[in-house]
Amino acid sequence: MMEESAVEVRLAQEEDVGAIREIFLLTYGEDYPYNQFYDERLLKKVVYSDNYLFLVATVAGRVAGAGAIYFDVGSYTDLLGEFGRLVVHPEFRHRGIGKRLMEARLQFAEARLQFGYIEGRTEHPFAQRIAEEFGFAPLGFAPQKFRVHGRESLALMGKLFGNAQALRRNNPRIIPEAYPLAASVLTGMGLPNDLIPIEESEGYPFQGEFELESLEERGIPNLLRIERGRLKRREIFGNMMLSYGQFLLQARKASYLVAKRDGVILGAIGYIHDALGKTLRIFEMIDVSDNVSGYLLCELERRAREEMGVAYAEVSVSAYWPQMQRTLEQLGFCPVAYFPAYVFRGVERLDAILMVKLNIPFDPGEVKLTPAMEKMYDIVVHNFREKRIGIAIGAFARSLDIFDGLTDSQVRKISAVCKLKNVEQGALIFQQGEVDRNLYMVSDGHVDIVLGNEATPVGTVQAGDVLGEISLTSGAPHVATAIAGSNVQLVVLRHRDFDTLIQQNPRIGLQVMQNIARSLGNKLKTTNQAVSQLYTQD
């Protein structure tokens, strides 16, 4: 075992650059996406950059490890820092070098930061264990964010410093989909659970008539006027702002998509697209109205998916603006992390929700996590699976006559309370005379309808049709038996969920009831004809 006194931690210097580069190569191979750690010229700039605190650990004069705090992760006043780039030479591992580098960084952070976080690798739990040992708590799990050999997921962890907790704004207003994750984070960090779930939050409209173009320098003054007038409304957080200036925006490879009408600039959305890593991060929204905001988000999401080849898109959104959270959720984004006291605004610190959309199959692969991080993993995985199911249900529900006349937002509300159920051929779905008060929508396969003890079906319900309307609306027993005529996939709407939904949204209930009445009239007519033919043949 190496003596503790044999390890020296100090600021990195120019002569350390070659050794640091070698350790990154030995740790990550040739596929590390941040090329500044492989190019000695760029790495030298990093070592001396004001945006980094870069430390090395040496043993007998030899560089054995390196670690940094990256400050350029929020706007200048947010006092944020990412504890990253912790690497130890393979010859010096398991000797406490990682812990010494963490101790040195924390000493610096106590006087400089109010919020620190770590993106820990999930290929091995080394970084997670060190982070937990020094008081970092799980914040979330970012699936398939990091491109190394394939796509690696990241364990997100955080720690508050200084006055962060005292300055934290109370009572975040969040959509229900984010509640389990946010509540778990607050509990894990020893903070009060003062969350307010907002059930009825509507997203911003996606429709509009706008011309879109990339930002040009002459358009910046007009956008700055909008930005200054909307600062209190800031809903998206990032490490760039239009006010930083064109030169810095270009240096960071930031882009803006601008919305105009009749030549007048009405808003813009800022983002950074990493073509190599196939990632996109949205860092700013500037708009004069909700319509502009919704339209820009929808269009950027479409371009990222269809034109840019983005696999992973993320945005940090205010935990106090459920309308923006709902808008992103409707575009397919899922909450993956919760950051208490994340950014400084005015005289207080605000919580944020990290929301992610994957344009590739959800497959976090084999991950190695600490027990505390496994709880976060389970919540995030559940969110993504529910999201994929919800998207499939929503697309199917829009095709059903029973939901004619409903807006997209209303269909999404119904889809959110529906469940998928797979039934094997020949299995009973419901029995004549039984009361289960469920509406069954056939999304795949077909269902045979049988009366009494008859062996011959009197009708067949094909994919795209529904059954169980009478039981759902009146509580009356089923008038026939339903049997899976093939392997069937059903979308099930339970009465208690439907009843709660229409109490909160009476217009949905009225429209669906009218559609059900029309459907039942047509279905009873068809059934009567089938029964008459059956007994005529006898």
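The values are calculated or read from the model by the stated rules, or taken from the named source; none is laboratory data. On a predicted model such as this, the values are computed, not experimentally measured, just so you know. For neighbour counting, all protein chains shown are included, and Cβ atoms are generated from backbone atoms with ideal geometry for every residue, glycine included. These area figures cover heavy atoms from the full protein model, side chains too; ligands, DNA and RNA do not enter into them. Shrake-Rupley method; radii C 1.70, N 1.55, O 1.52, S 1.80 Å.
Key figures
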| read-out | value |
| --- | --- |
| Kirkwood-based Rg to Rh ratio, the range 143-258, C-alpha trace | 1.02 |
| Computed [θ] at 222 nm, helices only, for the chain once each DSSP H run of length n ≥ 4 contributes -39500 (n - 2.57) | -11000 deg cm²/dmol |
| Length gained when the stretch Gln246-Leu167 is fully extended (0.36 nm per residue, less Cα-Cα span) | 25.2 nm |
| At R0 = 41 Å, FRET efficiency that the Cβ-Cβ distance of Gln503 and Glu434 yields, to 0.05 | 0.95 |
| Residues listed by number, the range 35-65, amide nitrogen under 19 Å from Glu91 label point at 7 Å toward C-beta | 56-65 |
| Computed label-point distance, nm, for sites Val381 and Asp290 using a 7 Å Cα→Cβ extension | 3.7 nm |
| Surface per residue (accessible, 1.4 Å probe) for the chain, Å² | 45 Å² |
| Efficiency of FRET from Cβ geometry, Glu366 and Leu212, R₀ 60 Å, rounded to 0.05 | 0.90 |
| Answer label for Cα Rg over 2.2 N^0.38 Å (calculated), chosen among [x] 0.98; [y] 1.37; [z] 1.17 | [z] |
| Those chymotrypsin sites (Phe, Trp or Tyr not before Pro) in the range 289-351 that DSSP places in a loop and that have at most 12 other beta carbons within 10 Å | none |
| Relative contact order computed over the chain (Cα-Cα under 8 Å; 6+ residues apart), in percent | 11 percent |
| Within the range 45-78, backbone nitrogen closer than 17 Å to the virtual label 7 Å beyond the Cα of Leu276 toward Cβ | 45-47 |
| DSSP-assigned coil residues among GluC sites (Glu not before Pro) in the range 382-489, each with at most 15 further Cβ atoms within 10 Å | Glu424, Glu434, Glu454 |
